[in-house]
Every structure is written in C-alpha cells, then in structure tokens.
Amino acid sequence: MYDYLIVGAGLFGTVFTQKAVSCGKKCLVIDRRTHIAGNVYTQEIEGINVHKYGAHIFHTSDYGVWKYINSFADFNNYVACLHY
C-alpha cells in the first residue's frame, strides 16, 4: 500500500516525504500534532505569524538548500551582525 511510513511531520519528515513522492513513492505521514513543520510551525494570529513553540531561525550557507526551502515559502535573509 505504501512504500514509506514517515513518523513525524517536522523538517526531516516533510523533506523526506516530498523527495520520495517526487520519485514516485507512496508515503503515509503520521504525527501526533494536527499540523506539519514540527517545532518550527508558525500560526497566523490576526495577520501576525506567531512562533508557536518558540523563536526559530533557519541557518544555511548552502545556496542549494536556500533555493530549495524558498521554493515552498519566502524566508527572510537573516544575517548576524557582530559588534565588538
């Protein structure tokens, strides 16, 4: 019936599922929560995106990863500024 059972719809589970489905595999994803994205889930409340499980910043210096995640949603380009 399914090629893969994915337990957890966080970052790994959703990326693995998307890649597997794009290769023609059938996947069943289960999660105890009612939403995807695991701990990086944001909920829109009165037009404001609220980080339901605490603040999170996605870091990568890999352009391929950055391009991949931005194909699903617009991410802010966070740059750390160090002042001494």
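The values are calculated or read from the model by the stated rules, or taken from the named source; none is laboratory data. Computed from a predicted model, the values in this text were never measured in an experiment. We place every Cβ from the backbone using ideal geometry, glycine too, and count neighbours over all the protein chains shown. Side chains included, ligands, DNA and RNA excluded: accessible areas come from the protein's heavy atoms. Shrake-Rupley method; radii C 1.70, N 1.55, O 1.52, S 1.80 Å.
Here are some notes:
- Among (1) more than 11 Å from the chain's Cα centre (by Cα); (2) surrounded by fewer than 12 Cβ atoms within 10 Å (Cβ to Cβ); (3) outside any helix (DSSP H, G or I); (4) of a type outside the set (S, T, N, Q) - the single one F72 does not satisfy: (1)
- When D3 is tested against (1) within 29 Å of C81 (Cβ to Cβ); (2) open to solvent by 70 Å² or more (accessible area, probe 1.4 Å); (3) not aliphatic (A, V, I, L, M), only condition (1) is not met.
- Residue within the range 12-29 that is in contact (Cβ under 8 Å) with a residue 12 or more places away in the chain, part of a loop (DSSP other than H, G, I, E, B) and open to solvent by less than 60 Å² (accessible area, probe 1.4 Å) present: no
- Qualifying residues in the range 42-62 (those that are assigned to a strand (DSSP E or B) and open to solvent by less than 80 Å² (accessible area, probe 1.4 Å)) - the one modelled with the highest pLDDT: I45
- A single member of A9, A20 is more than 30 Å from V79 (Cα to Cα) and either touching a Leu at 6+ places or on another chain (Cβ under 8 Å) or modelled with pLDDT of 95 or more (or both), and it is A20.
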